[in-house]
Amino acid sequence: MGKFGVVVTIDGPAASGKSSVSREIARKHGWKWVSTGAFYRGLAYVALKKNIDLEDTKALVALCNSDEWSIELTQEKTEVLFQGVDVTEQINHEDVGSFASRISHHQEVRKSLLVAQRNCALGQKGLVAEGRDCGTVVFPDAPIKVYLTANSENRALRRALEQGSDLLEVQSAQKIRDQQDTTRKAAPLQVPENALVVDTTELDLYGVVAAVDKHIQQKLATI
Ligand code: DC
């Protein structure tokens with residue numbers, strides 16, 4: 001199987017359930033999983049901490065390669081460490097998601113994060129990679145691709161409940177984020193070719209995992 005094992009990509013808009021589903025699928029198969037969004041969130045968080053202008057591509061690219069922050073994959077989460085301190089909880093707030101979306105339109109920034117994202121699959125027997133462009137750009141040759149979606153009210157409600165935030169505020173932030181992520185020139189969110197599309201609006205986590213895993217089992221049988 002070469003230096004990359006099986007790669008499953010799971011793309012979709014904010015709060016469509018990508019992380020929970022990826023974690024469960026990875027656990028089930030004994031694979032690793034990575035949230036590529038954590039790279040953008042981590043970078044945005046560190047840029048804000050260091051007072052870097054979110055439109056300053058050059059400074060952001062330099063920060064991508066800085067050893068002040070790093071990413072660690074664990075079974076539970078994609079951890080972001082800033083100056084050795086775990087800031088994963090901080091980066092998961094909706095406002096950091098909005099800043100992450102803002103910096104993610106810089107092509108040079110995306111290019112700088114790409115190698116580290118791809119390297120997550122190195123030496124693994126399996127990797128579930130979730131984000132916006134995992135099936136289209138990060139792992140275009142992945143044999144198994146999934147696209148999760150859900151209606152916007154449902155997605156906002158999930159995130160608001162998860163974070164104890166105001167529903168209307170989350171809804172309006174996600175609307176802007178969806179618009180930015182789907183219309184940017186560089187690697188916009190889109191359904192990858194041959195992806196299984198799952199609408200998670202009416203499903204619980206168990207239902208989504210079952211649908212995704214059925215697809216994975218069918219694909220694995222053909223590899
Ligand atoms: O999946 P998430 O909410 O953690 O992602 C945060 C932001 O990062 C998202 O709004 C856009 C950006 N992102 C991206 O551009 N490409 C990815 N593969 C993942 C995230």
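Along the chain, counting only trypsin sites (Lys or Arg not before Pro) with a DSSP assignment other than H, G, I, E or B and at most 15 other Cβ atoms inside a 10 Å radius, the longest segment between sites is 51-124.
With Cα atoms defining each centre, segment 78-112 and segment 159-223 are spaced 19 Å apart in the structure. Across all directions, the average flat footprint of the convex hull enclosing the Cα atoms of segment 89-223 is 9.1 nm².
Students often forget the sequence filter, so: which lysines lie under 28 Å Cα-Cα from K214 once same-chain residues fewer than 8 apart are removed? Partners within reach: K3, K18, K28, K32, K77, K125, K145.
None of the figures in this text is laboratory data; all of them are computed from the coordinates on show. As the structure is a prediction and not an experimental result, all values here were calculated from the model. Quick reminder, even Gly has a Cβ in these numbers, built from the backbone with ideal geometry, and neighbours come from all protein chains shown.
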